[in-house]
1. Return the pairs, sorted by first residue and then second, in which the second residue is away from the ligand (no atom under 15 Å from the Cβ), the first residue lies in the range 249-263 and is without any contact (Cβ under 8 Å) to a residue 12 or more places away in the chain, the beta carbons are less than 7 Å apart, and the residues are 6+ apart or on different chains.
2. Kindly indicate whether any position in the range 190-211 is within 11 Å of residue 251 (Cβ to Cβ), more than 12 Å from the ligand (Cβ to nearest atom) and either assigned to a helix (DSSP H, G or I) or touching a strand residue (DSSP E or B) at 6+ places or on another chain (Cβ under 8 Å) (or both).
3. From the residues in the range 215-234 that are in contact with a helix residue (DSSP H, G or I) (Cβ under 6 Å, 6 or more places away or on another chain) and in a helix (DSSP H, G or I), which one is farthest from residue 180 (Cα to Cα)?
4. Within the range 66-77, identify whether any single residue is farther than 20 Å from residue 263 by Cβ and out of contact with any strand residue (DSSP E or B) (no Cβ under 7 Å at 6 or more places or on another chain), and answer yes or no.
5. What strands (runs of 3 or more DSSP E) lie completely within the range 277-346 and have 1 or more residues being surrounded by 19 or more Cβ atoms within 10 Å (Cβ to Cβ)?
6. Only one of these conditions is not met by residue 111: (1) modelled with pLDDT of 95 or more; (2) part of a loop (DSSP other than H, G, I, E, B); (3) over 22 Å from residue 203 (Cα atoms). Which number is it?
7. Please work out if residue 43 is in the same structural domain as residue 24 (by TED's automatic domain parsing) and without any contact (Cβ under 8 Å) to a residue 12 or more places away in the chain.
8. Working carefully through the options 149, 130, 136, find the one that is more than 20 Å from residue 38 (Cα to Cα), crowded, with 18+ Cβ neighbours inside 10 Å, in contact (Cβ under 8 Å) with a residue 40 or more places away in the chain and within 13 Å of the ligand (Cβ to nearest atom).
Ligand code: SF4
């Protein structure tokens, strides 16, 4: 959808459009709201009601503007618009396949690996991604206020000297304004044994206007600070996202990308190649490609592992190491992120041809 046309139709200025608060206040959360942007099938209200009861809708006008209304099954629409299949297989998969809820020593703090913890600092997101592995939380409410939640998490980290890295996640931590976000960063940074902070945020992709000069000025005070984001399709790389990532990089915050392999979104070598090359061009390091977890409400977006392996093999020949992510499955418990690797016959033949490179080939 043409951005200028959309601004004209909404009767707003470019200044409003570029204001992250305007984008958040004007998120689309209902089907009638969505119909202002896209033509919905006549049966949509009836068919999608059960989906929305279980999994709400939220999309920024910016992200909606990237959807091509003339493309059936647009890959960005697939990531943000409700689909009847989310509710159709309501018993398939697990609401919490990684048993995150069972690994919380205190509320909202996941401790799966000895040296790092993940703090779920909010349950809100600018866009509710239909493939989210935490969609079980979208409709739940916090039981304590911000300060109490933070104090409990920091208390735990203080008593766990093996924790050297704290990952702020959610939800999306950049849903907070700068002062609250700074309160979070400052509290964890003040723990003497915490060496590194990390933020997991999809804002550079779904609401790049959130990356402001003020935000970057604040973030740079908390380095070493890393930001992991999630681009899943080359159409998500725009001048706005490129600018947002450049601002973070200029502030000394390395930006890495963790994609999720999604059927009909990025499961073709051609699309994935364009995504990886596009990320390399904006200096964002492709880091992981996650095999989509068996999350309830996401099963229709999963591919097979063999399809993922075939994709990786096709990419290996076309992409430099810098642009190639590691294909992994996140498994419950200590197993954690396991690389998915398989040597095809072609690769085995390549290795055999060069046996002299190895002491002990077989
Ligand atoms: S931004 Fe992240 S946490 Fe939020 S819905 Fe998307 S994938 Fe889930």
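1. none
2. no
3. So, considering only residues that are in contact with a helix residue (DSSP H, G or I) (Cβ under 6 Å, 6 or more places away or on another chain) and in a helix (DSSP H, G or I), the one farthest from residue 180 (Cα to Cα) is 234.
4. yes
5. Strands (runs of 3 or more DSSP E) meeting the threshold: 285-291, 326-331.
6. (2)
7. Criteria met by residue 43.
8. The conditions single out 136.
The values are calculated or read from the model by the stated rules, or taken from the named source; none is laboratory data. All values derive from a computational prediction rather than experimental measurement. So basically every Cβ, Gly included, is an ideal-geometry build from the backbone, and we count neighbours across all protein chains shown.
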